[in-house]
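The values are calculated or read from the model by the stated rules, or taken from the named source; none is laboratory data. This is a predicted model, so every value here is computed, not measured. Note that we place each Cβ from the backbone using ideal geometry, even for glycine, and neighbour counts take in every protein chain shown.
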Amino acid sequence: MRKFVRSLACVAVAVVGFAVVPPTPAVAQVAVGINLGPAPACPYGYYGYAPYNCAPYGYYGSEWFNSGIFIGAGPWHRGGDFYGRADRNFDPRYGYRGAYPAHEEHFDNSRDFHEFPGNEMMSHRGEFRGGGAHR
């Protein structure tokens, strides 16, 4: 009988021990973040898709500039929806192999955007919207 009481006491101590210590919940940490930093300093704007390289003169139309300053595309654009003309012929995804702005090159005010035809309308997110008119 003593063995039975002793065994029962050990089981009771074990049950009380497990009941007193609350289970610790498993903590899963999932973090997704994109740290883009400042917009690239590009005299004629930057492509609206990663890695956001500087675009050459002729890629963006005059709507994308204000007093010679590129007003934004891609994730740095602040404000509502914006659409402007772009020339896809200057996009490396579609075969462009020409020159890009040189390091420390500045906006050239002597270049004229008024005759810029463009061949696509593009949103500030880099999404193309078809022909030469906003849809």
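Some notes on this structure:
- Among residues of segment 98-112 that are closer than 11 Å to P43 by Cβ, none has a beta-carbon under 6 Å from a residue that is modelled with pLDDT under 85 and among the aromatic types (F, W, Y) at least six positions away or on a different chain.
- Candidate set: segment 53-76, residues that are more than 21 Å from G37 (Cβ to Cβ) and touching a helix residue (DSSP H, G or I) at 6+ places or on another chain (Cβ under 7 Å); chosen: the one surrounded by the most Cβ atoms within 10 Å (Cβ to Cβ): Y59
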